[in-house]
1. Look through 116, 58 and report the one residue that is in contact (Cβ under 8 Å) with a residue 24 or more places away in the chain and either farther than 30 Å from residue 176 by Cβ or assigned to a helix (DSSP H, G or I) (or both).
2. Output the qualifying pairs, or none if there are none: Cβ atoms under 6 angstrom, residues six or more apart or on different chains, first residue in the range 127-148 and over 23 Å from residue 108 (Cα atoms), second residue surrounded by 14 or more Cβ atoms within 10 Å (Cβ to Cβ) and of a type in the set (S, T, N, Q).
3. Just to verify a result, which residue in the range 26-55, among those that are outside any loop (DSSP other than H, G, I, E, B) and among the basic types (Lys, Arg), is modelled with the lowest pLDDT?
4. Going by the structure shown, is residue 107 in a helix (DSSP H, G or I), touching a residue at least 12 places away in the same chain (Cβ under 8 Å) and of a type outside the set (Asp, Glu)?
5. Have a look at 190, 119, 177 and point out the one that is surrounded by fewer than 16 Cβ atoms within 10 Å (Cβ to Cβ), within 30 Å of residue 53 (Cα to Cα) and among the polar types (S, T, N, Q).
6. What is the residue count in the range 1-23 for residues that are in a loop (DSSP other than H, G, I, E, B) and at pLDDT 85 or above?
7. Among the residues of the range 144-152, is there at least one that is surrounded by 12 or more Cβ atoms within 10 Å (Cβ to Cβ), at pLDDT 95 or above and in contact with a strand residue (DSSP E or B) (Cβ under 8 Å, 6 or more places away or on another chain)?
8. Just one of the numbered conditions (1) closer than 18 Å to residue 96 by Cα; (2) crowded, with 18+ Cβ neighbours inside 10 Å; (3) of a type in the set (Ser, Thr, Tyr) is not true of residue 47; which one?
Amino acid sequence: MRREDLPVVLHVALAHAQFETIHPFTDGNGRTGRALVHAMLRAKGVTRDTTAPVSAGLLIDTQAYFDALTAYRAGDAGPIIRQFARASRYAATAGSRLVDDLAEQVATSRERLSGLRRQAAAWKVLPHLVAHPVVNARFLTEHLGLNDTTAQRALAQLADAGVVSERTGMRRNRVWQHDGILAVLDLFAQDIHRR
């Protein structure tokens, strides 16, 4: 993991393939192996503030990915390295597009909140909706440090501006979602399966 004499993508591909070959757990090896990819990319300084969807690129063609792992186990590292190179290219283009689409949703939401005073609680919540497009008041109190009244007010402000919509139809334990961000994420997931 600490080697510095290999190109990063090659190093990550080999570490991932080795982990998958060892297969240390009874369940979750694939997810853990893909998380290892992202941890290594971050440790090597390739990514800093975001996660490049390399694992999504690997899952576009699962048969080719599994075939590459089989070839690695048979002593041929070439296919898994090529799969990682392809997945990295996918991550660079799809990840950039995903970030742009999410940024556009945030910009649209900011426009919708433009009449709201800058100290309003909704402004504090808005940037967190990218990572957490489905929230409730309890989440806002636990993760953003808002009190319950302020959390409820923030959700009402966001709903009144058309940024979030309430999904439960209940009076208590209500859940709110940012439909635009969810649509962007759904489209990204569909694109992976279409390839």
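1. Going through 116, 58 in turn, the sole match is 58.
2. Cβ pairs passing all conditions: 148/141.
3. Here the residue is 34.
4. So residue 107 fails the test.
5. The match here is 190.
6. Number satisfying all stated conditions: 3.
7. No: zero hits.
8. (2)
The values are calculated or read from the model by the stated rules, or taken from the named source; none is laboratory data. From a predicted model like this one, the values you see are computed outputs, not experimental measurements. Every residue, glycine as well, gets a Cβ built from its backbone with ideal geometry; the counts of neighbours run over all protein chains shown.
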